[in-house]
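The structure appears below as structure tokens.
The values are calculated or read from the model by the stated rules, or taken from the named source; none is laboratory data. This one's a predicted model, so the numbers in the text were calculated from it and none came from an experiment. Cβ: placed from backbone, ideal geometry, glycine included. Neighbour counts: every protein chain shown. With ligands, DNA and RNA removed, areas are computed over all heavy atoms of the protein, side chains included. Shrake-Rupley method; radii C 1.70, N 1.55, O 1.52, S 1.80 Å.
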Amino acid sequence: MAGSGGVPVIDRQARNLPLDAHLHSNLSPDSDVEIDAYAEQALERGIDELAITDHVDFEPGTPAYAATTFAEREAVVRDAAERWAPRGVAIRFGVELTYDRRYEADVRDHLRRHAYDFVIGSVHVYPSSPYASDRVAAFVGGKRLSEVVAPYFDEVAAAARSGLFDALGHLDFVKRYLHPHVRPAQLAAAPELYEPILRALVDSGTALEVNTSGLRQVAGETYPSPAIVARFRELGGTRVTVGSDAHRVDAFAWGLADGYDHVQNAGFAALTMWRGSAPESVPLERQPNAAGVRSL
């Protein structure tokens, strides 16, 4: 199809793919989406499986600290899973846990007491961070790139080493907050900064997430970039996931086809997904019209 002037318009919400492994519902404080809205889109777009991965924080005062209970989240997601399974949409009860070394014992205790199908661990940026909008310019000034990213990358490497998580979420999400002081091209020119994280993922058996939210944000590329996904494979990485990290209904599966391409171009033949037990392979095949075309 064509938009105004006969120019084809790409529909960035993917079609005909097996999995979107990172979605936030209205059980996260920064989302307003009912799970049914994602499931309806999945059915219409041919996305077979969804992981609902709402936020849980461990630092008092952060947005998802005690925002909901485990029991509430599990009941809502399991109910949706039961209702949508007969219609061909599989819904997994996941979580995105914010990792902070100061609260690692709390994370461990939470996971000991609570069973999820799928667990993402991520490092986030909150107002007290040097990357917060009112601090980042002063923090970056006069520092080498390695010094700029060290607080974030060191925390991410610790999360990877911890072995607590099935997948490590949006590895270099800090790119979003460093703009315009540090550009993605500068990080691309320093791949050695990523090596400790990637090696920790390989050693711990933690999956690397290819998070496509960066494609709709100022970074303009996935978290992490295709080159880092390829380097993970070269170092012996065997487990990858792909997720849109949607917080709004129109972001569901957004850029997902790009993430799948990055994974396949790096040499992976399958994604890895957890469904409450051992990791399982999700074979990848080139899907027709994964990135659809629509008219405006």
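Probe of 1.4 angstrom, ligands and nucleic acids ignored: what's the accessible area per residue over the chain, in square angstrom?
Working: 12450 Å² over 296 residues.
Per residue, the chain has an accessible area of 42 Å².
Among V210, V140, V156, the largest mean-square fluctuation in a Gaussian network model of the chain, built with springs joining Cα atoms closer than 10 Å, belongs to V140. Only protein heavy atoms count here; under a 1.4 Å probe, W84 has an accessible surface of about 10 Å².
Carbon-plus-sulfur accessible fraction, the range 24-98 (probe radius 1.4 Å, protein heavy atoms only): 49%.
Let me spell out the model: positive unit charges on the Cβ of Lys and Arg, negative unit charges on the Cβ of Asp and Glu, origin at the Cα centre of the chain. What dipole size does that give, in debye rounded to 20? Mind showing how you got there, number by number?
Values: 29 positive and 41 negative charges, 126 e Å.
It works out to roughly 600 debye.
Counting only protein heavy atoms and a probe of 1.4 Å, the accessible surface of the range 137-263 is 49% carbon and sulfur. Gain on full extension, evaluated as 0.36 nm per residue between A132 and N26 minus their Cα-Cα distance, stands at 35.7 nm. The residues K175, K143, sorted by heavy-atom accessible surface at 1.4 Å with ligands and nucleic acids left out, run K143, K175 from largest to smallest. Taken along the Cα-to-beta-carbon direction at a fixed 7 Å, the label points for D48 and N265 span 2.5 nm.
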